[in-house]
Each structure stands twice: as C-alpha cells, then as structure tokens.
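Notes follow once the structure below has been shown.
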Amino acid sequence: MLAVAIGAALAGCGSSGTVQGGNDTYSATTLTVYSDLPLLGPDGAQMASIVDGEMLALYNRGGHVGKFHVSLESLNDYPDASVSDPLLPDPLRSARNQIGESAYTASSDLSTAAYIGDYDSAATAISLPLNNQNDILQISPGSPYVGFTDANAADLAGDPRAFDPYGTPTFARLVPSDAVEARAAVSWMRSLGVRRLALLSDDSNAPENFNGVIAKEVASDAAAAGITVVGDQPGIDTSSLSSPGDYARVASAVAAEHPDAILLGGSADAGAAALWQALHAAAPGAKLFAPSTLATPAFLRALGAAASATYVTSPILEPSQYPAAAQAVFAQYRRVFTAAPSVYVLYGYDAMNDILAAIAKAGRNAPNRPHLRSAFFALGHSGFKGTLGDYTIDAAGDTSLQRIDGYRVGAGGALVLAREIS
C-alpha cells in the first residue's frame, strides 16, 4: 500500500507540460525517466526491487529537481509470448520485439531525459543504439558486456563503435564490466590451486550471446596467471533442453582434458543447469565456475549434486558490505514497503539519484539531452557518493567500482559468501 502511495505521490508530479526534443530546448516543465527491466519471469522479484529503488530515490526528492517535475515510467521487457516475429526463433523474437518497443517508446517521447536499463547485455544491445541515436542518457544496473564501453580483444566485431556510431557515448553501467569479473575469477582460481582450466561459452559470434565473451577474457587472464587453458569450446547451445545427450558428449570431451576447473560463459537459459549437471557427472573433481550472468535463482536451485562443486563470482555483494548510505536506504525501504529489502534496491536508487544529480547540474538546460549527458559525465568524472559506495564513471561509461564477491551454493540454491575479491 505504501508503495502505491509513493507511485501516487510521484504521479502527482505530472507527465504533462511543454517538453523538448533531442537537441532543442523549449519551455519544458516535465522530464521523464524511463525504466525498462524484465519484471516478470524467474528474476522478476529482483528486477522489481530495482524499480522500487528508483521510486524511493525520486520520492525522496519529492518528484522535483528545481523547476522540473520528474516522472518515472516503468516498462517491462520480459518476453511477451503474444508478440512474434517470423524471422526470429522463439523466445528471442518476442524478447527482441518487447525490448525494441520499450526503447522506441522512450525515444519517441519528447519529455524523455534518461533511460534506466536494460539489465541483460543482450537486451541493452537492442535498446542502446536507439537511445544513442536520440542522445538519451542510459544507465544500466547490469549489462557487463565489455564491448559497450571499451575497445577490447574480446569484443564482438565493430564494438563499441556499433553502440555509439557518432562517437558520443550515452551509456553508463553501475556494475564492473565482465573484464573486471574475469580477472577476479582467475584470481580466485589461482588461490584455489587451479592449474588446468576448461572453458565453454555461448556462441560468441551470434549477436544475442554477449554473455559468452567473458570466457575470452578469462582465457587471456588465465595464461598470465600461470593457468593452462586445456579446452575452449565456443558455440555451446544452452537455449533449450531439446538435446540433453549433446550435453553429455560435451561434458565427456571436457573431462578428457582432466581440468581442475571449468568455466561456462553464458546465460542461465533452460539447458544451462542440465549442462552443469553433466559436467559435474563427467568431471566430479573439477571446480565449476559460474560468472554473475548465471547467478540467477532458477539456475542455482536446479544444480542438484553439482551445487557442491560450484563457485560463483558476482558484483552483487552482501547487504552488510555496502556503506552507511545503503543501510539508511534499507531502513527506509523497510518502513515504506514493510518488507525486507533486496540489495538490488540500491542499483535502482543510485541510477535514479545519479540522473537527478545530473538534472540539477544541468539546471535550466536539463531538457536538452546533450547538456544533460554532459552534466552526467562531468559528475561521473568528479565522483558520486552513492549507496553502492563512492565511485566515478569514466568517459566511456565504466564505473570505478571493482569489488567482486566469490560465493558457494548452499541449500535451496542460496549463495553463501566464500571470498571477497577486489
């Protein structure tokens, strides 16, 4: 009920008034922040927590920055089965259409000041080009694909220029890139005595599989750390359970290399847990490393006996590891929502707070999108004091936050902190 009350209070801040175009400033009185996240499905509760954080940050400012009313429009990019595109296979076609529709809604609204989202890298790859074309500041609480921000040997062809073709970045993320997480994973492996590493990944040549790129990063870092990569298998399809026998054959080939550890770069698709179980059955002594893209409740709960061999790296920390500002937000969340907060609340809170700070810095020029973008990156250079910590955002859009936690998997798929990695 109190969450509804927040929404009602913010709605009163208005979504009407004279607005602006991308480069032209009129007598705008209302600015709109769009949020696009997968609010349904297995990770819906976590994503809804991000929106709660956005609402809370805006509520704390009374829905105003100076003379401007600021409104929040929350959209859902979880695939809609009723939407289809005959040129794309399910469920990708419905997901792509849903995300594209959300980005188009934001870009076609002249009052749009900024866009929070998307969470998954593949989703951001759809929304970012359109937002960049329309000079809309985009802040993601996730999306670790390194090619959104950096020219890197692991990037897919043409990145990052494919996402800012005019040479003007409009994207920033609040989590470390997969290059940072790869270094953390290799550091953890080395401390555990890993000497032989096998790598598997989604097909990195397919534009939908950005989550497989971390395997390339790990391969490079492993060599420098004295870890031998004994097998590298790209093109693993975990999108369905249609051919579980294929997973057994893959696992058998991996086990034949006698690895100490195995890492899968990919998404928590329908077949990922089955592949994980097959790997554990074929190589029961190997440590199974899962990057943060696999750290979803559904995947972790489905690991079965393989859970005991699983090591997870993630930039999502334990609640107690966040600073005093975060603890204050957690306390307010408990009062307002009468529920226990998720740490994902902080990512929505900081994304919105950073946007509001940029609006304040831009002042009367805030309705002009290039001015707002410049104000945001200027603040990023000097640094934000947020609930996630004190951090900067560089000109490419990367955060200075580089803390990664190492987890083991406990009962019911719960993550249990095992190591702090910086």
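The values are calculated or read from the model by the stated rules, or taken from the named source; none is laboratory data. From a predicted model like this one, the values you see are computed outputs, not experimental measurements. Virtual Cβ from ideal backbone geometry, glycine too; neighbours counted across all protein chains shown.
A compact table of results
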{"item": "Given (1) in contact with a Pro (Cβ under 8 Å, 6 or more places away or on another chain); (2) surrounded by fewer than 22 Cβ atoms within 10 Å (Cβ to Cβ); (3) free of Cβ contacts under 8 Å to residues at least 40 places away in the same chain, number of the condition residue 278 does not satisfy", "result": "(2)"}
{"item": "Any helices (runs of 4 or more DSSP H) falling wholly within the range 290-369 and containing at least 1 residues that are more than 30 Å from residue 260 (Cβ to Cβ), assigned by TED's automatic domain parsing to the domain that holds residue 34 and touching a helix residue (DSSP H, G or I) at 6+ places or on another chain (Cβ under 6 Å)", "result": "324-337, 344-362"}
{"item": "Sole residue being closer than 20 Å to residue 33 by Cβ and either assigned by TED's automatic domain parsing to the domain that holds residue 112 or assigned to a strand (DSSP E or B) (or both), chosen from 152, 132", "result": "132"}
{"item": "Sole exception among (1) surrounded by 19 or more Cβ atoms within 10 Å (Cβ to Cβ); (2) closer than 30 Å to residue 342 by Cα for residue 400, by number", "result": "(1)"}
{"item": "Qualifying residue in the range 188-199 (condition: under 18 Å from the mean Cα position of the chain (by Cα) and not hydrophobic (A, V, I, L, M, F, W, C))", "result": "no"}
{"item": "Residue count for the range 222-247, restricted to those that are surrounded by 17 or more Cβ atoms within 10 Å (Cβ to Cβ), in a helix (DSSP H, G or I) and modelled with pLDDT under 95", "result": "1"}
{"item": "Only one of 348, 363 that is within 25 Å of residue 62 (Cβ to Cβ), within 19 Å of the chain's Cα centre (by Cα) and touching a residue at least 12 places away in the same chain (Cβ under 8 Å)", "result": "348"}
{"item": "Conditions (1) touching an Asp or Glu at 6+ places or on another chain (Cβ under 7 Å); (2) part of a strand (DSSP E or B); number of the one not met by residue 183", "result": "(2)"}
